[in-house]
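Student: One structure coming up, written as structure tokens, with questions to follow.
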Amino acid sequence: MTLRWMDGAEVWAATGYQSRGYLAGTSGFSTARISPGASSMTFNGTSLTTPAFGQQNVWTVGFGFKLSGNVGEWRFLDGGVEQCNLEVVDGSGVFELRLKRGATTIDTTSETFAKDVWHYFEFQVTVRTGTNGAYELRHNENNVMSGASVNLADTGSDGCDSHQFGLTVAAQVLGMDDIYILDDQGTTNNDFLGDSVIVALEAQADGNQNDFTPSAGGVNADLIDDPSDTPSSADWISSDTNAHQDFFTYDNMPATGIGTIFGLRVVTDAAMQAVGSRVLKPKFRAASTSEGDGADFTVSGTTLLSYPVIMEQDPVAAAAWTKTEIDGGEFGVEVVS
């Protein structure tokens with residue numbers, strides 16, 4: 001798998017959802033960068049830290065960015081310790097970005113960018129020691145900073161396993177939206193994706209099979225369709241039986257403007273009702289009635305957490321997702337063991 005994270009502040013448009021999915025931190029929420037998105041993240045003395053994805057040397061990140069204050073950064077972490085960071089350099093009505101390793105400035109962008117408007121940046125970095133590091137920053141898909149043969153691992157060891165973005169200074173507001181994070185361990189998405197937009201699809205109705213037991217009522221979809229800005233744990237569906245499945249139909253994708261679909265992030269919010277653990281997996285049921293699986297995940301605590309599984313390709317067709325397949329299919333979850 002290469003696409004490791006994506007966040008458009010859609011299904012996460014409340015701090016209660018962020019606390020389920022991120023390792024640490026919160027953001028506020030504001031107007032989306034671009035339609036058909038619903039919202040964006042705003043940072044005012046706050047930041048978000050992703051879960052650890054596993055240590056890799058090469059990472060590519062993309063993000064919409066709007067600066068209203070004068071600080072902000074994207075930090076590449078290994079074991080929670082910063083290796084290097086992409087940092088804002090404030091100017092008069094404009095800003096630059098610079099790459100730093102500790103207190104050492106590696107490079108600064110060749111041009112400035114207007115404040116209080118949205119930009120889309122993509123940054124690819126090889127986090128290695130000695131003269132083995134390399135980097136390229138793109139602004140709206142144009143190269144504005146690049147180099148090689150540099151040290152970009154401040155700990156003295158190669159690699160990065162998690163990311164932190166936002167800012168830590170209050171009253172310095174910035175916005176971020178449509179974030180993607182890639183490593184290079186695959187063949188599907190292992191390079192710049194270009195300006196990208198992330199949208200959320202929510203469950204609408206029960207699908208072909210519904211084995212889970214609702215906590216109340218008779219329509220399972222009604223219990224798992226909390227709005228993006230109102231997380232709730234007041235009702236749920238549950239199962240303690242291997243091979244039980246629940247499928248749901250979802251919103252259709254936007255009618256227009258759909259280009260290449262780089263992947264879907266299928267998020268299950270789950271918890272144990274008692275001490276123990278269970279293995280689950282997300283499922284996709286195509287209009288043809290054929291089924292495909294996402295990667296297994298383990299639920300082992302009684303605190304409700306998000307378990308996102310990224311499906312870079314349609315597991316039934318073994319090919320890129322299409323709007324037709326997503327709109328006509330069902331998504332669900334199965335109890336494995």
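The values are calculated or read from the model by the stated rules, or taken from the named source; none is laboratory data. Treat the numbers as computed from the prediction; the structure is a model and nothing was measured. Note that we place each Cβ from the backbone using ideal geometry, even for glycine, and neighbour counts take in every protein chain shown.
Student: Of the conditions (1) surrounded by fewer than 16 Cβ atoms within 10 Å (Cβ to Cβ); (2) in contact (Cβ under 8 Å) with a residue 24 or more places away in the chain, Ala234 clears all except one; give me its number.
Tutor: Every condition holds for Ala234 apart from (2).
Student: Being small (Gly, Ala, Ser), modelled with pLDDT of 90 or more and at positive phi, is that true of even one residue in segment 14-27?
Tutor: Yes, that holds for at least one residue.
Student: How many residues does segment 179-193 contain that are of a type in the set (S, T, N, Q) and surrounded by 18 or more Cβ atoms within 10 Å (Cβ to Cβ)?
Tutor: 1
Student: If you go through segment 293-337 one residue at a time, how many are out of contact with any helix residue (DSSP H, G or I) (no Cβ under 8 Å at 6 or more places or on another chain), of a type in the set (Gly, Ala, Ser) and outside any loop (DSSP other than H, G, I, E, B)?
Tutor: 3
Student: In the list Val89, Val61, Val117, Val125, which residue meets the criterion of being surrounded by fewer than 19 Cβ atoms within 10 Å (Cβ to Cβ), among the aliphatic types (A, V, I, L, M) and not in a loop (DSSP other than H, G, I, E, B)?
Tutor: Criteria check complete, one pass: Val89.
Student: Could we say that Ser47 is under 21 Å from Val199 (Cβ atoms) and either of a type outside the set (Ser, Thr, Tyr) or over 11 Å from the mean Cα position of the chain (by Cα) (or both) here?
Tutor: No, not satisfied.
Student: Considering only segment 198-219, state which residues are assigned to a loop (DSSP other than H, G, I, E, B) and within 18 Å of Pro308 (Cα to Cα).
Tutor: Ile198, Val199, Ala200, Leu201, Glu202
Student: Exactly one of (1) in a strand (DSSP E or B); (2) within 24 Å of Thr15 (Cβ to Cβ) is unmet by Ala234. Its number?
Tutor: Of (1) in a strand (DSSP E or B); (2) within 24 Å of Thr15 (Cβ to Cβ), only one is false for Ala234: (1).
Student: Conditions first: (1) without any contact (Cβ under 8 Å) to a residue 60 or more places away in the chain; (2) within 19 Å of Glu141 (Cα to Cα). Val89 passes all but one, so which condition is the exception?
Tutor: Single failed check for Val89: (2).
Student: Same structure, new question: Given (1) surrounded by fewer than 19 Cβ atoms within 10 Å (Cβ to Cβ); (2) of a type in the set (A, V, I, L, M); (3) closer than 30 Å to Asp225 by Cβ, identify the lone condition not met by Met176.
Tutor: (1)
Student: Could I ask something else about it? Since Ser162 meets every condition but one in (1) in contact with a Pro (Cβ under 8 Å, 6 or more places away or on another chain); (2) outside the structural domain of Thr46 (by TED's automatic domain parsing); (3) not β-branched (Val, Ile, Thr), which condition does it not meet?
Tutor: (2)
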